[in-house]
Every structure is written in structure tokens, then in C-alpha cells.
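To start, the structure under review is shown below, and the notes come after it.
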Amino acid sequence: MISIFSPSNYAPFNIALEEYILSNFDEDCFLLYINDPCIIVGRFQNTLAEINYQWVQDHEIPVVRRLTGGGTVFHDQGNLNFSFLMQNDEDAAGFAKYTAPVLDVLNEMGVPAVLEGRNDLTINGMKFSGNAKLVQNGKTLQHGTILFSSHVESLTQALKVNPIKFNDKAVKSVRARVTNVIDHLPKPMKLADFIPLVRHKIHSLYPDCKDYFLSIEDREAVQTLVDSKYDTWEWNFGKSPQYNLANTLRSPGGTIELYLDVSNGIISSLRIFGDFFSNRDLKELEQCFSGVSHTQACVREALLNADYRSYLGDVNLEDLLNAMF
């Protein structure tokens, strides 16, 4: 086995690194990484239905879709991420095997951490780690989070979504009461001091484990994957299942109701209703959005090109734009 501590804090790089290792390495690998503030979305989720889009935009938070299923999570510098990328593991069923090292470290420190349910690690009933798994071409990827000293308020804001805004069949995240490991330690400890304990545990469980440092060729290959996939709208948003969005906006001219149908990230139809006054046929405006990518830049351009005020009256462009996401 090799052990890697990612040199990057950029979420698209680290999620791409997992795929790169899974596809190109012939050895078992244990990977640790810490991301700057970001949101990581499950493989089969509707991204927009999982995030507080306006908050994410305002704070310039990267949103990245991962290879594995499961729910959406928030990462920051207080969150440690661990991955097992294993070759031909016939004993990979369930989540116990690769969460056990983390639990061992914490219990040895006096923290009563346990695996609860299918894939959550908890302390006194509160979740501090979510885990997900992928088995592909005989290889296993299992990864998880460790909320050590994360900013829980930011987590709450980033994932605060209107539950009736979207209608789709995508996998939904189940929000649980969360906690930081640091709040349960017998004595204070920094994340930087916790990391060596986890790495030492892995080395003790896998005596052949050796540290591996990414080469220039490795980094360039991962960056290519970032540029072509994990840093693109097509992967992170456009891969969302078909969904419908409904939202209401109050403007100086009255209430505007917006209903969008979106498939593969492309608007297939827009319907507009409300109690505002308009001297133009709204169907003309609605037709301007057929085939438009459901991105802020494209929707903004379509609104401006269609002279939206001539249809909807005195409504603020930013307010209207936000209502469509």
C-alpha cells in the first residue's frame, strides 16, 4: 500500500486525484486531503436542489460532483477527508472495514465514536463523518469526511435549501445533527496533530505501507482531469437528473411565478404566471429560454436579449435571475 497526503486544497483537484489513482495505480492507496471551503455533491444528485445557490455564489464556493453516490457535504479547512482506493478487495462489502481505522484512533483518544446506520460515524448520536463507496472494474473506492473543527454555521448556510422548490427523482441528502470531533476530545488538539495519528494507524494496520509523493507527471495528469471534467459546469451541474424548478418572486409590479423544466442542465421549457400587468405575449419570452443552459451567465444573457422588462415590468434583474435557480 502507498499513502498520499494531497499537496492541494482545491476540491476539483482532490476529487480528480481519486479518479486518477483509481484508474492508473496498481497498488492499494490510502489518501488524505483537506479542501478549502467547497461543496461535494453525490454522483446521482440534482446539484441545485442540494445547495443554497445564492450563498454559494456570494461566497465563491466551488461545487464538485464526485464519483460515488450518497449525499452532499460541505468541506473546509477543519474537515479531513480520507480515501481507500483498493485493488481486488473481495471483503469490501459494507462500510465497517475502512471506517474502522478512524474509529480506532478516536476511541483510543477517549472519544466514543461508532459506525451508526449504514455509512455514518457518530459521537453521542451526532454525525461527524459521512462515507460513500464505489466498486468499479474490480477496484474499490471508499471515502469519508471527518468533521474535526469545521465551521458548522457555514455548513448549515451552504446546504440550506427550499425543500419545495425542486421536483425531481434525484437522490436527496438526509440532513442530520452534526458535531465536530474537537468538541469531544478529553484535551484540546489541532487537526495538524490529529493527522499523524491517523497516518500512523494506517501504517500499523498495513505494515508494507509507504509514503508516496505525487510526481510532476501525476500532477499534470490530475490537472488535465480537473480542466476537462471536475472544474466544468457540464459535470458538476449539467449531469444532474431531469428536474422541475418552481419559484415565486415579488416585484414592484406584482407577483411573478416561474416554472422551469430542465434536462441535462438545459432548459426545455419556461412558464410564467402572476398578477403583474404585461402588454406583451408572455409566450414570446418563454420561448426565448428553450435550449438555454441553466447557468446564471446564459440565463442572464437570455433575459437581457429578450428585453425582459417589456414583459415583466419593473423587476430587478438580479432578483429575477436568483429566482430561476
- For segment 211-249 the number of residues that are in contact with a strand residue (DSSP E or B) (Cβ under 8 Å, 6 or more places away or on another chain) and of a type in the set (Lys, Arg) is 1
- Is there a residue in segment 18-31 that is closer than 19 Å to LEU147 by Cβ, aromatic (Phe, Trp, Tyr), modelled with pLDDT of 95 or more and buried (at least 23 other Cβ atoms within 10 Å of the Cβ)? no
- Query: Pick from segment 305-325 the residues that are hydroxyl-bearing (Ser, Thr, Tyr) and in contact (Cβ under 8 Å) with a residue 24 or more places away in the chain: which of them is surrounded by the fewest Cβ atoms within 10 Å (Cβ to Cβ)?
  - Reply: SER310
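Can you report the number of residues in segment 235-262 which are assigned to a strand (DSSP E or B), of a type in the set (Gly, Ala, Ser) and more than 13 Å from MET324 (Cβ to Cβ)?
2
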- Task: Residue by residue through segment 62-118, note down the ones that are among the acidic types (Asp, Glu) and either surrounded by 14 or more Cβ atoms within 10 Å (Cβ to Cβ) or in contact with a Phe, Trp or Tyr (Cβ under 9 Å, 6 or more places away or on another chain) (or both).
- Result: ASP76, ASP89, ASP104, GLU116
- Query: Out of the residues in segment 272-304 that are in contact (Cβ under 8 Å) with a residue 40 or more places away in the chain and out of contact with any Gly (no Cβ under 9 Å at 6 or more places or on another chain), which is surrounded by the fewest Cβ atoms within 10 Å (Cβ to Cβ)?
  - Reply: GLN296
- Query: Is it fair to say TYR206 is closer than 23 Å to ASN79 by Cβ and not assigned by TED's automatic domain parsing to the domain that holds VAL299?
  - Reply: no
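The values are calculated or read from the model by the stated rules, or taken from the named source; none is laboratory data. Source: prediction; values computed, not measured. Cβ coordinates were reconstructed from backbone atoms using ideal geometry, including for glycine residues, and neighbour counts include every protein chain displayed.
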